[in-house]
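Worksheet: the structure to be examined is printed underneath.
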Amino acid sequence: MRSYRRVGTRMLLYLAVLVIVVWTVAPFLWLVISSLSYKIDLLSVPLRWIPSRITFQNYVDLLFVRGEANANASLFILGMANSLVVATSATLICLMLGVLSAYAMARLRFPGSRGSMLLLMTAQMLPALAIVIPLYVLLRQMNLLDSRPGLTLVYLSFILPLVVWLMRGYFASIPSELEDAARIDGCSRLGALWRVVLPLAAPGLVSVAVFAFIAAWNEYLFAFILTSADAKTVPVVIGEFSTKLGLEYLRIAAAGVLASLPPVVLALVFQRFIIRGLTSGAVK
Amino acid sequence: MPAWRLALNNQHWFGLLLTAPTLIAVFGIFLIPFVSSFWLSLQRRDLPRPQTDAFVGLENYALLLQDPRFLNSLRVTATFACVSVIFELWLGITIALVLNQQFRGRGFVRGLMILPWALPSIVNAAMWQWIYNADYGALNALVTQLGMVDHYQVWLANARSAMALLILANVWKETPFTVLLVLAALQGIPPDLYEAAKVDGASLWQRFIHITLRLLLPVVMIVGLLQIIWGFQTFELVQIITGGGPYSSTEVISLRIYAQTFQSLRFGYGAAMAYLTALIILVPAIFYIRGAYRSIVEY
């Protein structure tokens, strides 16, 4: 009797897990399937969920089409390039600046060391919409509207607090005795940071870099408002594709899959780090 | 010893030196615009009519409180954010409880939770727009095959279903964040607590309420606050899926701000709207920051 009940609960558990997996994966899987389908197959009623044949034509059309649809192809490739440059430079600069201040906040007592963390967190909570209007005015005056450096600069401001917050935690978890020993041996503070602390914090650095890159790559609102032609990032391009009438939907699906590959692959590869980071700092 | 060497050896100066670049970047790009946004909100600054530019004090705010479309967008945003949060917490806690059990492939399933989180929000919007497509969307195919409706519906043309579908798309993307945080909190609950309660004769339900839920409460509060804050700022999801329609029934506040500022080019009025929204968001934000800040002070 008892074992029957046990089997029953096990089955219920696996059923629940199955529902959870389907719910989590199905929408994105459908986007992937759509991007690999012939339009005629998707138009059939009743719809076949697993297509009998697949094609890469939508991807070819998206990336290589010449002629009238050429504009879309070059727009998408430009968007990917812009996203890559902006996200990479924002990540690198954030790491450089963020590591230094996170180290200072974790290790040194100085006037305003706690206050500045509070200010950074408050800044991160401010809604983007409340600052994007003056930013637009400011960037226009500095001739940085619709430029990669302009967008990188804006991204710094919302990613830096995140980097500092996460790195501060990593640094605080490394015992300061190691550093003290290095300093007794004649290392300067920065030397000790570089030779002793950073190598120990390497896993932390990697995870913070992944966070920063994903945040910059996925950002939409700032890019949408602050770029117009040359510096459009890939989210802006996809937004345009989806609001433009008459554009082949399956090509948008292909664009969506390609644009989500970098963040999704990074997140899956570094999931252990990401989950740890998510639980120690609130990251969207 | 030269002055700069002295500075490097002094904790105070060294600390300030290391923090300065970050503070300058964040101040310059976030806090200064936030203040100048307020200044802008006190002016009439309509780009198409520069001759009417003037300092008008709080006039924009007074106008806002009588602007039916603004008030409507406030109500729409509150509905969207609150209903989303309820489902995100409820589903999130449920899923986390299931994933906290022992079963084969647990690590893999937990890893999958990262997928919706990592997906760019614009791709999430485009993906659901495609699923909701009236002519060949997956939603219509699914509900027809399940026999729930007998012919394809134009879901987004109806105010109620449009709002429900927006919330569904948002909940799908945001729930895993709740799951991951709640899972981490669940792993921190010592198993002895359950054993002790069992010995004292507490039922499964009592153990769930008095141990699990009680100990999850701080995490659930934090997640709830964050999700409310993020929900209030939702932009691209609505912009892509419904564009605010039908008849402004899903026009969230961010869409309204965008339209007033960058389409009607009323910069002062738009800034006032954005500022008022920021103040509303700041209420849960202050609670959140206080909680999070306390955790570093206790460090």
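Just so it is clear, none of the values below were taken in a lab; they were calculated from the coordinates. Since this is a predicted model, take the numbers as computed values, not measurements. Every residue, glycine among them, receives a Cβ derived from its backbone with ideal geometry; neighbour counts consider all protein chains shown.
So here's what we get for this one:
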| item | result |
| --- | --- |
| Global form of the stretch A:2-55, assessed from the alpha-carbon gyration tensor, a/c cut-off 1.5 | prolate |
| √(5λ) per eigenvalue of the Cα gyration tensor, the stretch A:158-249, largest first, Å | 44, 12, 10 |
| Loop-located chymotrypsin sites (Phe, Trp or Tyr not before Pro) in the stretch B:26-80, at most 14 other Cβ atoms within 10 Å (DSSP) | none |
| Helix runs (DSSP H) in chain B reaching 24 Å along axis by Cα, Kyte-Doolittle at least 1.6 | B:214-232 |
| GNM flexibility winner over chain A from A:26, A:73, A:231 (Cα, springs under 10 Å) | A:26 |
| Likely footprinting exposure, B:127, A:121, fewest C-beta neighbours within 10 Å first | A:121, B:127 |
| The stretch A:1-152: Cα Rg divided by the 2.2 N^0.38 Å rule of thumb | 1.74 |
| Label point distance in nm, residue A:142-residue A:40, each placed 7 Å from Cα along Cα→Cβ | 5.5 nm |
| Förster radius 22 Å - calculated FRET efficiency between residue A:54 and residue B:145, Cβ distance, rounded to 0.05 | 0.55 |
| More than 37 angstrom apart: percent of Cα pairs within chain B | 35 percent |
| Choice from B:231, B:57, B:245 with maximal GNM fluctuation in chain B (Cα, 10 Å cutoff) | B:57 |
| Angle in degrees between helix A:113-125 and the longest Cα principal axis of chain A, rounded to the nearest 10 | 10 degrees |
| For residue A:237, net neighbour charge (Lys/Arg +1, Asp/Glu -1) across residues whose Cβ lies under 14 Å away | -2 |
| CD proxy at 222 nm, helix term only [per DSSP H run n ≥ 4: -39500 (n - 2.57); per residue of chain A; nearest 500] | -24500 deg cm²/dmol |
| Order of A:168, A:109, A:10 - criterion: other Cβ atoms within 10 Å of each residue's Cβ, fewest first | A:109, A:10, A:168 |
| Inter-centroid distance (Cα atoms) of the stretch B:172-211 relative to the stretch A:226-273, Å | 38 Å |
| Relative contact order (%) - criterion: Cα under 8 Å, at least six apart; region: chain B | 29 percent |
| Chain B - mean residue ellipticity at 222 nm from DSSP helices (-39,500 (n - 2.57) per run, n ≥ 4, rounded to 500) | -22000 deg cm²/dmol |
| Tilt relative to chain A, helix A:234-243 - C-alpha long axis, 0 to 90 degrees, to 10 | 30 degrees |
| Sites residue A:64 and residue B:160, calculated FRET efficiency, Cβ-Cβ separation with R0 60 Å, nearest 0.05 | 0.90 |
| Kirkwood hydrodynamic radius of the protein assembly as shown, Cα pairs, Å | 25.8 Å |
| Rg [Å, one decimal], Dmax [Å, integer] - the stretch B:61-152, C-alpha atoms | 19.2, 60 |
| Shape call, the stretch B:204-298: gyration tensor on alpha carbons, a/c limit 1.5 | oblate |
| Cα gyration tensor, the stretch B:13-52 - rounded (a/c under 1.5), prolate or oblate | prolate |
| Under the Debye formula (equal points on every Cα, no solvent term), log10 I(q)/I(0) of the stretch A:68-280 at q = 0.07, 0.08, 0.12, 0.15 Å⁻¹ | -0.27, -0.35, -0.71, -1.00 |
| Per-residue Cβ neighbour rank within 10 angstrom, fewest leading, A:49, A:165, B:230 | A:49, B:230, A:165 |
| Folded to 0 to 90 degrees: helix A:271-280 orientation relative to chain A principal axis, Cα | 60 degrees |
| Residue-span extension gain [residue B:265 to residue B:101] - 0.36 nm each, minus C-alpha spacing | 53.6 nm |
